[in-house]
Each structure stands twice: as structure tokens, then as C-alpha cells.
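Inspection log for the structure reproduced underneath, given as C-alpha cells.
The values are calculated or read from the model by the stated rules, or taken from the named source; none is laboratory data. Please read these numbers as outputs of a predicted model, since none were measured by experiment. Every residue, glycine as well, gets a Cβ built from its backbone with ideal geometry; the counts of neighbours run over all protein chains shown.
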Amino acid sequence: MDNETKIWLITDTHFSHTKLDEWGERSGDWQEKLWNGLETIPVEDVLFHLGDICIGDDLEVHQRLAGLKCKKVLVRGNHDKKSITWYMNNGWYAVVDGIEIIYRGHYLHLTHRPQRPQYLQYPRPYPR
């Protein structure tokens, strides 16, 4: 297999959100399972996190994320309230509120909050 850049998508990790265990929303070792998976992403790949990274322990979580080998792009969610500068200083390659990309010939509109893609908001041809 070649070394083509691959895109990884994840959202709503809610690291350190202790209520998720109490509410029975996730199994007891869900955080370590997520970390183990994230740590396997190769250096040439890009991770897009579509928001709501953590609920508490911000610095610790972001230091661990900064240690991942891949480039990381944060598409901020409703719980990601720190400044863009804070996120950039804590391991993120880019921080946006939404992004439109073309990957392998497919148009991707990535956001945390539901919204219409720009190509549907403005009169212009579908991007190819």
C-alpha cells in the first residue's frame, strides 16, 4: 500500500466526561479504547475532530492529543470554548468552525453543528 494521506474523522469524544459512565452511555474503558485507536494514526495522515473534545481536564487531554503523530484539525463544537490561539498552542494544526474539502474526488462538508454546505448557500456550480 502506498503512503497516500488518509483522512480520519472523529467527533464527540467527550474525554473526561465522568457523567457518561454514570448515565450508562459508554463502557468503563471507552476513553482508553479511543486513545489506543488514535495513537495508531500514521504521521502522514490527518485527523479531523468534529468537536466536543473533552469536558474538563482540558490541558491534560490536549497535551495527550498533541503527542499524536498525525496532523490534527479541530472543527470546534459547542463545548470547545477556548480561543483559537489556545488550541493552536496546544497541538492543533488548524482550528475552524467548519471546513469544506475535496478528498479522493468526494466533496466533504465537515461541521459539528448542522448547517448547509456553502455550495448550497451560494449560486455556484458543485465543486469537482
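From the list 85, 111, the lone residue that is touching a residue at least 60 places away in the same chain (Cβ under 8 Å), farther than 23 Å from residue 30 by Cβ and of a type in the set (S, T, N, Q) is 111. Every condition in (1) in contact with a Cys (Cβ under 6 Å, 6 or more places away or on another chain); (2) modelled with pLDDT of 95 or more holds for residue 61 except the one numbered (2). Any residue that is among the polar types (S, T, N, Q) and farther than 27 Å from residue 115 by Cβ - is there at least one of those in the stretch 67-84? No: zero hits. Filtering the stretch 76-96 to residues that are within 15 Å of residue 9 (Cα to Cα) and among the charged types (D, E, K, R) leaves only 76. Taking the criterion of being touching a His at 6+ places or on another chain (Cβ under 7 Å) and either within 17 Å of residue 94 (Cα to Cα) or without any contact (Cβ under 8 Å) to a residue 24 or more places away in the chain (or both), the residues of the stretch 23-72 that qualify are 50, 51, 52, 72.
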